[in-house]
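What follows draws every value from the coordinates through simple rules; no lab data is involved. Bear in mind the structure is a predicted one, so any value in this text is a computation, not a measurement. Cβ coordinates were reconstructed from backbone atoms using ideal geometry, including for glycine residues, and neighbour counts include every protein chain displayed.
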């Protein structure tokens, strides 16, 4: 019985060796480590220049003025650049309020200033006017205009007519 078991063990070991040798193959592997992704950037430079101060004091009916803001775009992706704006205060209310335009537009919401690539400068020309018809109810009153410059990528965000699909 011992011989039979020893014979079976020997036959089993030889079978395992033969099977392993039959299925042995040459193999090789190579790993490519250069699959790196980097997202682009959309951002403004630190410098913000104006050709004037939009603030004006001691204005009278019939006065007007202009101011040009220039902002540098330094992002790596082409971007739509716009300015979101709002006015507040008593001078912008009533029957003959002070008015303003940005690049000739008084549209509400965000006014598109154009597209920019890294190193470009975008301008916003603000023109304001206090109507000659403004009466005594405006004496000593004040108001302010708030400008918030925005940029959003162009790629995959064009509505087909040269405007951004979304400013988010």
May I have the convex hull volume per residue, in Å³, for the Cα set of segment 44-153? 92
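Report the relative contact order of the chain, percent, no decimals, based on alpha-carbon pairs under 8 angstrom and at least 6 residues apart. Intermediate results must be reported in sequence, preceding the final value.
On the way: 273 pairs, mean separation 42.7, N = 168.
Reported relative contact order: 25 percent.
Would you please give the FRET efficiency between residue 144 and residue 117, computed as 1/(1 + (r/R0)^6) with r the Cβ-Cβ distance and R0 = 30 Å, to the nearest 0.05?
Working: r = 33 Å, r/R0 = 1.08.
With R0 = 30 Å, the Cβ-Cβ based efficiency is 0.40.
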Cα-based Rg and Dmax for segment 113-168, in Å, come out at 18.1, 52
Contour minus end-to-end for residue 86 and residue 168, with contour as 0.36 nm per residue of separation and end-to-end as the Cα-Cα distance? 27.7 nm
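Within 10 Å, count the other beta carbons around each residue, average over each peptide in 125-133, 81-89, and list them highest first. Don't skip to the end; give the middle numbers.
On the way: 125-133: 15.7, 81-89: 17.6.
Most protected by this proxy first, the peptides run 81-89, 125-133.
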